[in-house]
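The values are calculated or read from the model by the stated rules, or taken from the named source; none is laboratory data. Predicted, not measured: the structure shown is a model, and the values here were computed from it. Neighbour counts run over all protein chains shown; Cβ positions are idealised from the backbone, glycine included. Keep in mind that these areas ignore ligands, DNA and RNA; they rest on the heavy atoms of the full protein, side chains included. Shrake-Rupley method; radii C 1.70, N 1.55, O 1.52, S 1.80 Å.
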Amino acid sequence: MKKLLITEVALRDGSHVVGHQFTKEQVRSVTKQLSAAGVPYIEVTHGDGLGGSSLQYGFSKVYDIELVKVAAEEAGNSTIAVLLLPGIGTIEDLKEAYGAGARMVRVATHVTEADVSKQHIETAKAMGMEVVGFLMMAHSAPPEVVLEQAKLMEEYGADAVYVTDSAGAMLPSDVTARIRLLKAHLSVDIGFHAHNNLSLAVANTLAAVEAGANRIDGSVCCLGAGAGNTQTEVLVGVLDRLGYETGIDLYKMLDLADDVRANILPALQDITSGSFIMGYAGVYSSFLRHAVVASEKFGVDARDILVELGKRKVVGGQEDMIIEVAQQMAGKKVSIS
């Protein structure tokens, strides 16, 4: 029976859903229940990782280091993980998270920019942390490029490398091609993180497992950016039916899901037209709001803007391209002042 390691991301990716307003009490309660259910890794930070609380990304209700500390107090045998995006989070943030009780860090970069993770991975390893390389927007690069970048993270000392479908844009065949190639050429663990924009999160996660991934992500009640992530309680049940070992108590996860649905979730995660088109186009969830604004300004369908951005393979930080694309599609140059 194949052993799989699941990281629960509701207290990080799910932060987007609640506007980064998790309270200490909510984090304490959810962590305690996840630990009791046997979840091995619990990720806790602002939705955009350590240091993400800002005007640009949205201010947290509670400083994320404080949330890490609260989670660590309730973690039991579970490991508290944090996400760090170089350029948003810093080495000092990482040290603070370690001091608060985090023992795993996932260092996330765009799929073609693994080189910016070197100092963060090496520092975390020197501190004795378990380190995961997290290659975001992995659909936007061919499998050979994903492998090239994954090798860099392995070289820097990562214990595992993840193929991350940040936009929820992958089809099962896309997942299989990338995971299979990494499995054949890396000696470290291989992981996969899905989003549900095309209603394929569970299917894609199963494709990853079948292709050789032994680390996968889930989020209770599907809590996550866009259309949400792979729904943990559903994933655990499906994996059990298929004979995989997760060590997670299904009934306790279902009880937690009912609790989260009743007391935390502002609205059920759904595949709206906006979240679907982001997966269809393959763009970051943060682009939707800007595309809607540009649509109203230039009289161009926001969906067409997003599809064009996907064709141009824009990445996070290139939101200024939205105005340019809208102007070009409208066939006129308009001042944006």
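Mind checking whether some residue in the range 179-199 is of a type in the set (Gly, Ala, Ser) and open to solvent by less than 20 Å² (accessible area, probe 1.4 Å)? Yes, there is a match, as at least one residue in the range 179-199 is of a type in the set (Gly, Ala, Ser) and open to solvent by less than 20 Å² (accessible area, probe 1.4 Å).
When the residues of the range 40-64 are filtered to those that are touching a Leu at 6+ places or on another chain (Cβ under 6 Å) and of a type in the set (Val, Ile, Thr), the one that is surrounded by the fewest Cβ atoms within 10 Å (Cβ to Cβ) is Ile42. Among the residues of the range 1-12, those identified as crowded, with 24+ Cβ neighbours inside 10 Å and either out of contact with any Ser or Thr (no Cβ under 9 Å at 6 or more places or on another chain) or not hydrophobic (A, V, I, L, M, F, W, C) (or both) are Thr7, Glu8, Arg12.
Given the residues Met137, Met129, Met104, which is the only one that is more than 17 Å from His185 (Cα to Cα), touching a His at 6+ places or on another chain (Cβ under 8 Å) and open to solvent by less than 10 Å² (accessible area, probe 1.4 Å)?
Exactly one residue qualifies, and that residue is Met137.
If you filter the range 171-210 down to residues that are outside any helix (DSSP H, G or I) and of a type in the set (A, V, I, L, M), you find that the one that is farthest from the chain's Cα centre (by Cα) is Leu186. For Leu94, the conditions (1) open to solvent by 10 Å² or more (accessible area, probe 1.4 Å); (2) over 16 Å from the mean Cα position of the chain (by Cα) all hold with the exception of (1). Checking the stated criteria, Glu233 turns out to be touching a strand residue (DSSP E or B) at 6+ places or on another chain (Cβ under 9 Å), among the charged types (D, E, K, R), in a helix (DSSP H, G or I) and under 20 Å from Leu5 (Cα atoms). Scanning the range 244-285 for residues that are outside any helix (DSSP H, G or I), free of Cβ contacts under 8 Å to residues at least 60 places away in the same chain and open to solvent by less than 80 Å² (accessible area, probe 1.4 Å) returns Ala267, Thr272. Does Ala225 satisfy the criteria of being open to solvent by 10 Å² or more (accessible area, probe 1.4 Å), hydrophobic (A, V, I, L, M, F, W, C) and without any contact (Cβ under 8 Å) to a residue 24 or more places away in the chain? So Ala225 does not fit the description; no. Filter the range 60-95 down to residues that are free of Cβ contacts under 8 Å to residues at least 12 places away in the same chain and farther than 18 Å from His20 by Cβ, then give me how many there are. Total satisfying the criteria: 1. Candidates Ser295, Ser286: the one that is within 15 Å of Ser166 (Cα to Cα) and of a type outside the set (A, V, I, L, M, F, W, C) is Ser286.
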